[in-house]
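Q: Sharing a structure here in structure tokens format.
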Amino acid sequence: MTGTARGGRGGGAGMEDKGEAAELGFLGLDRMRLLLPLPLPEKLSARTPRALLRSYYINWSWRWVRDRWPWLLPLWLLLWVAISFRILWFMSNQAVDKRRELLASMCDERARMLQDQFNVSMNHLQALAILVSTFHHSKTPSAIDQTTFARYAERTAFERPLTSGVAYAVRVTHAEREQFERQQGWSIKKMYSSKKQAGDAEVREPAEEYAPVIFAQNAYKHVISFDMLSGNEDRENVLRARESGKGVLTAPFKLLNNRLGVILTYTVYKTELPPNARPQERIQTAIGYLGGIFDIEALVDKLLHQLAGKQSIMVNVYDTTNERPISMYGSNDTGSGMYYKSTLNFGDPSRKHEMHCRFIQKPPWPWLAITSSFGTLVIALLIGHIVHATVTRIAKVEDDYQKMTELKKRAEDADVAKSQFLATVSHEIRTPMNGVLGMLQMLMDTDLDTTQQDYVRTAQASGKALVSLINEVLDQAKIESGKLELETVPFDLRTVCDDILSLFCGKAQQKGLELAVYVSDQVPETLIGDPGRIRQIITNLVGNSIKFTERGHIYLTVHVIEEVMPSLDVETGTQCANTLSGYPVVNRKCSWENFRHFNRELNSCEMPFAPGASDTVSLIISVEDTGVGIPFEAQSRVFTPFMQVGPSIARIHGGTGIGLSISKCLVGLMKGEIGFASKPQVGSTFTFTAVLTRARSSGNENKPSEFKEVSALVFDHRPVRAKVTKYHLQRLGVETELTTDLDQYIFSKVNCGLRVAKLVLIDKETWLKESHSMPMLVSKLRNKDQPNSPKLFLLENPKSSVRNSSHISREFHLNVIMKPLRASMLQVSLQRALGGIDKVNCRNGVVGNLTLGSLLHKKKILVIDDNIVNLKVAAGALKKYGAEVTCADSGKKAITLLKPPHSFDACFMDIQMPEMDGFEATRRIRVMERDLNEQIERGEVPLECANVQRWRTPILAMTADVIQATYEECLKYEMDGYVSKPFEGEQLYREVARFFLNQDQVQ
């Protein structure tokens, strides 16, 4: 901006100068004017004497530098070359010092660890000496023998990490030798320094006293009977230990195994001596000697291998007691270069030990010093260029920043406009669609002929397809804007799966497909999550399977993820005989084997599933089909939005191609993963995981007990299909058995005198397969000798012939149950057969409207909406269930009608209305209810509220705006529920009926 422009906005000279200073400060020119090739423009010159002087000084400095630059450049180069050499020398010395400190630290660490471990071993040897004194010499007879000593020494070897063996020698005088050898059963033998077997050793010649080994660790068992005083080095060691009362080390020598080692000796005394006891007193009271054998080469190497970086330095251990050091560990090649010496103290002051350390590799080149010095020189040479590039870059960054700010503002405005557009379009489309679908449903309840019913159903299907398309587009828009959120409400996943099967039941029967669901019993009854989104994901997957499958089956399974982890192969069903319909399927394991959760859990631990261990439940849900499969070249773009396998797919099957993309995003919001396995002309299996929360049990949940005493038998030659039938029966509380040989089952029951199951369910395919023997088996089941013959059911597949099924059921008096199986449908079928429900009140396997209407009968419900069509739809749907409906078209009328006290039991409130929206109307109604409740608490109860303890009318939101009117907003304004347009009568009923299940919860 120029000074004139700023002055025009309210300037003057002062404001102009401040603006220039700020602009120069932002660009960084106030610090870099020495390098500018041109004088400052006249408009940027100062208006005060101080500014003029400063400008003159800057210009003079720039001219001085420019005139002398030819000889300043060589001087500049020489100066920085000298500085670079100085940096190289300084950093090289620093590297040498650090290397020396590192070597000292590593050597001291190894020396300290070796010394500490040696001290630990010494302490435990001393404790072992006390143990021998207590239980061998103080007990008559002795409590220790060779077996006990060896076993104890082996079990406590971990307490002596550096000892490779221990042995105990007893003190024997010449007078006691004959009796001692007779007691031990062997003669005292002479110790040799060379290798010899114990049987080849010479008998010890007579001497004043002996120290034969009587106990030894199994590894050194061959030294038993050897006299420790017969060897010069051992004798000196024993005598010094006896006189000093402390542990004494020998000089390094080769052990009997030809390895270098030392022996640490402790003396065992008859009585406890004072610390200042004289040597003669110690000699007289000595009764034995405990020796610890240290295999120095093996043990020190084992210790050093426990340390990190063990290969970086060379370690030598020396005995420096004499003038000529004795190498105890390490090579004799001392090499050259830097080395460090650490002193070792092994507890024997008469012997000295040292550890010498040196690096194995030669010192590396000081690359850090070289690169630092070279880099410093390069930086010095490039300073001029860097300053120039910096100024240019700053100016460019400022321009880019202004452009980005403008683009950001445009993007934000576009996002707001997009959200407003989606909200408006959603509302404007959903509102008339609500009227269309609602009126079509009301038309279906009138008397129509077959052709008219077909027309209405077609119109309903088209309307629902349009609503589904709108929902998918809106979901995709919300996902792209990051505004899609999940609910956290308790729900029953098994009911959700049954509803999905009911949704696709008609399509599956039309195409002759077998549709089934199985939910593991490890899945909790009630979960906390977003049931609508889970339903949407499964519906997308099952819908795709229905669309692309022409024969076979579609199988929905739900497991807890811990069930799958141990084998990664839960019911994969790759064999034709072990699938739902007998058609081959792809290996289900391939659809989840790349999930990060499995790889992480299997690499960390393989713990069995423990239900209830955590509030978090990880589910794995699979949808398996025997459809056409996905071509291998198209599998990489399956989850891409608006992408389909090929152009022919859209023509034949329709769809937008965003269902799987939305499902993947929803799975990600649930902290899960989604994958698939597919093989052309075999089928596909889609699997996803979801992390939900286990709902806390209320403690008073009791399952219905009408089938508690009922037992059932399922006769099916396909194990997977039989398991599905058993799952649905067990949900009703029916005790179920499975069999693939009905004749064998009947024979075993009759021979054992047991009762046959009350219900026998036979799959139609199995009946046809065993048709030659089924009449005889049926007659056996209906044996006249049995007082209560079982009820027989035929499980009918969609692909089977209805005429054939009718013939079989009439001939053998069978009850037919149509698949797919669902708990509600199966319950009604069993109740019919057992005489527990009126057939008049049942239609299509669902309890009729009489039961539903009993909850809403005579209930007064207020519906508020500014749209006449929506009022008719809602009123007609609720009146269908026996409710008395009152309609109003504004929020103000709602406040007047719901001013307490009033006679309404519930209210449906539209959100978007002119003058006053539903949120504001609800807020004011709640204020009036709180005022009335305060009066009730104070005892100022109006006559109309004499029997009311607390007044609250259930208010449920009705809206077509699925973006702005969320569930959280409804809760914020104290609404009790949420219904999204276009709605159906069942949806309205479900929302309002939950307030009438317990009358105490209402008003």
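The values are calculated or read from the model by the stated rules, or taken from the named source; none is laboratory data. Model, not experiment: these values are computed from the prediction. Positions of Cβ are generated from backbone atoms using ideal geometry, with glycine treated the same way; all protein chains shown enter the neighbour counts. All accessible areas refer to the heavy atoms of the entire protein, side chains included, with ligands and DNA or RNA removed. Shrake-Rupley method; radii C 1.70, N 1.55, O 1.52, S 1.80 Å.
Q: Could you pull the accessible area for residue 352 with a 1.4 Å probe, rounded to 10 Å²?
A: That residue has around 130 Å² of solvent-accessible surface.
Q: Here's something else I'd like to know. Mind ordering 897-906, 259-268 by average Cβ neighbours within 10 Å, highest first?
A: Ranked from most to least packed, the peptides come out as 259-268, 897-906.
Q: Sequence neighbours fewer than 8 away in the same chain don't count; with that in mind, list the lysines whose C-alpha is under 17 Å from residue 780.
A: By straight Cα distance, residue 780 reaches 749, 758, 791.
Q: Take residue 301 and residue 521, extend 7 Å from each Cα along the Cα→Cβ direction, and tell me the distance between the two endpoints in nm.
A: That separation, rounded to one decimal, is 5.9 nm.
Q: OK, next. Can you tell me the FRET efficiency between residue 55 and residue 370 if r is taken as the Cβ-Cβ distance and R0 is 45 Å, rounded to the nearest 0.05? Please list the in-between numbers first.
A: Values: r = 45 Å, r/R0 = 1.00.
With R0 = 45 Å, the Cβ-Cβ based efficiency is 0.50.
Q: Could you pull out the pairs from 403/478; 189/270; 409/671; 819/880; 189/221 whose alpha carbons sit more than 22 Å apart here?
A: Violating the 22 Å Cα-Cα cut-off are 403/478; 189/270; 409/671; 819/880.
Q: Please report the relative contact order for the stretch 50-186, taking Cα pairs under 8 Å with a sequence separation of at least 6, and give it as a percent rounded to a whole number.
A: Answer for the stretch 50-186 is 21 percent.
Q: Output ³J(HN,Hα) for the stretch 910-916: one whole-Hz value per residue in order, computed from phi by the Karplus curve 6.51 cos²θ - 1.76 cosθ + 1.60 with θ = phi - 60°, and x for Gly and Pro.
A: 6, 7, 8, 9, x, 6, 9
Q: Want the number for residue 473 to residue 322: 0.36 nm per residue separation, take away the alpha-carbon distance, what's left?
A: Roughly 45.2 nm would be gained on extension.
Q: Could I ask something else about it? Under 26 Å Cα to Cα from residue 352, which lysines show up? Leave out anything in the same chain fewer than 8 places away.
A: Cα-Cα hits under 26 Å: 246, 254, 302, 310, 341.
Q: Return the long-range amide H neighbours of residue 353 (sequence gap of 5 or more, or a different chain), with a cut-off of under 5 Å between placed amide H atoms.
A: 320, 344
Q: Cross-link partners among aspartates and glutamates for residue 860, C-alpha distance below 14 Å, same-chain residues fewer than 8 apart left out?
A: The reachable aspartates and glutamates, counting only those whose Cα sits under 14 Å from residue 860, are 884, 905.
Q: Another one. Need the C-alpha centroid separation for the stretch 409-464 versus the stretch 259-289, integer Å.
A: Using only Cα atoms to place each centre, the spacing works out to 102 Å.
Q: Right, next: Provide the per-residue ³J(HN,Hα) series for the stretch 103-112, in order, calculated from phi with Karplus coefficients 6.51, -1.76, 1.60 and θ = phi - 60°, each as a whole number of Hz, with x at glycine and proline positions.
A: These are the phi-based 3J(HN,Hα) values: 4, 5, 5, 5, 5, 4, 5, 5, 5, 5 Hz.
Q: Considering Cα pairs under 8 angstrom that are at least six residues apart, work out the relative contact order of the stretch 235-287 and quote it in whole percent. Walk me through the numbers on the way to the answer.
A: Values: 67 pairs, mean separation 19.4, N = 53.
RCO, the stretch 235-287: 37 percent.
Q: Considering amide H positions built from the backbone, and no H for Pro or chain starts, which residues 5 or more places from residue 819, or on another chain, come under 5 Å of its amide H?
A: Residues meeting the criterion, in which the H sits 1.01 Å from N, are 796.
Q: Still on this structure, I have one more. Give the accessible surface of the stretch 405-526 per residue, rounded to a whole number of Å², with probe radius 1.4 Å and ligands, DNA and RNA excluded.
A: Result: 54 Å² per residue.
Q: With contacts defined as alpha carbon pairs under 8 Å and 6 or more residues apart, what's the relative contact order of the stretch 124-230 in percent?
A: About 30 percent, as a whole number.
Q: If you don't mind, another one. Full extension from residue 281 to residue 935: what is 0.36 nm times the residue separation minus their Cα-Cα distance, to one decimal in nm?
A: 225.3 nm
Q: For the stretch 469-524, what % of the accessible area comes from carbon and sulfur atoms, probe 1.4 Å?
A: Exposed carbon and sulfur together represent 48 percent of the surface.
Q: Excluding residue 297 itself, calculate the net charge of residues whose Cβ lies under 11 Å from the Cβ of residue 297, where each Lys or Arg counts +1 and each Asp or Glu counts -1.
A: Taking every Cβ under 11 Å from that of residue 297, the sum is +1.
Q: Also: What order do you get for 245-255, 685-695 when each peptide is scored by the mean count of other beta carbon atoms within 10 Å, highest first?
A: Going by the mean number of other Cβ atoms within 10 Å, highest first, we get 685-695, 245-255.
Q: Which net charge results for the neighbourhood of residue 316, defined as the other residues with beta-carbon distances under 9 angstrom from its beta-carbon, given Lys and Arg at +1 and Asp and Glu at -1?
A: Here the charged neighbours net out to 0.
Q: Between residue 345 and residue 399, what is the spin-label point distance in nm, taking each point 7 Å from the Cα along the Cα→C-beta axis?
A: 7.6 nm
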